Amino acid sequence: MRAVVQRVSRAEVAVGNEITGKIGVGVLVLLGVAADDAESDAIYLAEKIATLRIFEDDDGKMNRSVSEAGGAVLASRNLRYMGTCAAAAVLPSMLPLRPNSLALCMNSLSIASAPPASCAKPAASRK
């Protein structure tokens, strides 16, 4: 399991012309979930994301988590983060997917006591 976490003032995920997830201030999580990732991996990662101190406090120091800052979490599955640059690399589109990876993402973010999370499916036509 891999995640790229970015602090945002606003973010949205669109599939085609339809917006499937949208937040204001918070974090955008681009999530790669492999077929062999366990629920415990998702819980661990969600807890780490929920407790990252990447938001400024009243003194201007990075000392608040997303929930302490009143932010939201928008997570989107992204296969490209599971690819490799090694010899005989497997293209990300050829990797086996965990069938319930989006549900796993949403449940784990809820367990970590993060603000309401949104997980969106990537566009099927993107390669």
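Of all residues in the range 9-24, those satisfying the criterion of being of a type in the set (A, V, I, L, M) and either surrounded by 16 or more Cβ atoms within 10 Å (Cβ to Cβ) or in contact with a Pro (Cβ under 9 Å, 6 or more places away or on another chain) (or both) are Ala11, Val13, Val15, Ile23. Counting the residues of the range 22-47 that are over 26 Å from Met62 (Cα atoms) and under 12 Å from the mean Cα position of the chain (by Cα) gives 2.
Counting only residues that are more than 27 Å from Asn63 (Cα to Cα), part of a strand (DSSP E or B) and not β-branched (Val, Ile, Thr), the range 7-20 holds 2 of them. When we screen Val33, Val8, Val27, Val15 for residues that are among the β-branched types (Val, Ile, Thr), modelled with pLDDT under 85 and either in contact with a Lys or Arg (Cβ under 9 Å, 6 or more places away or on another chain) or under 15 Å from Gly70 (Cα atoms) (or both), the only hit is Val33.
The values are calculated or read from the model by the stated rules, or taken from the named source; none is laboratory data. This is a predicted model, so every value here is computed, not measured. Counting neighbours? That spans all protein chains shown, and the Cβs are built from the backbone with ideal geometry, glycine included.
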